[in-house]
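One structure below.
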Amino acid sequence: MISTSKSCVPGGKTYLGVFMTLANVGFGLSTFFQLVLLMLVLYPIVDHVSRTNLKHSSRIKNTIFRLAACTAICITSDLLFLITRHVRLPEDTGIFTGLCSCYDVTINVCTVVCSFADWRKRFFPMITSKEDAISLSSSSKTSTNTTN
């Protein structure tokens, strides 16, 4: 096993160190690209708002806030995972780091889903609102009346 202090593979610790360095660089690039993607999404929105004088539109403000907040949460989650992976306990077998990675990915996926305006429908498609329930019940009554 390469991750032990006395490796079975000659030079295993060297390979592990190179891998960890590359993984840290990859996570740093991931954080940078999340910011780049946020700017690429927000630039046309802000440009449109400034050209059409929609400065007080609450939908646009909510969208911009939601995207910025979701990006901040994703970046914070990634940085916490990077710190957790870097500052490992000596007796860590890798299970804790793997669990932290799973939590990081889960947080990022949930955050991306929350960036949509209809996030409640995306998270809980089986739960309908009162308006949907009323429209469903009225349409079922209409269909039973036409079949009788």
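Taking H placed 1.01 Å from N in the peptide plane, check which residues at least 5 places from Phe116 or on another chain put their amide H under 5 Å from its amide H.
Sorted by chain and number, the residues that satisfy this come to none at all.
Could you calculate the FRET efficiency of Val25 with Ile127 from 1/(1 + (r/R0)^6), where r is the beta carbon distance between them and R0 is 41 Å, rounded to 0.05?
Rounded to the nearest 0.05, the efficiency is 0.45.
Between His48 and Ile95, what length comes free when the chain is fully extended (0.36 nm per residue of separation minus the Cα-Cα distance, one decimal in nm)?
12.2 nm
Since every read-out is calculated from the coordinates, none of them should be taken as a lab result. None of the values given here were measured: they were computed from a predicted structure. Cβ sites come from the backbone with ideal geometry, for glycine too, and all protein chains shown count toward neighbours.
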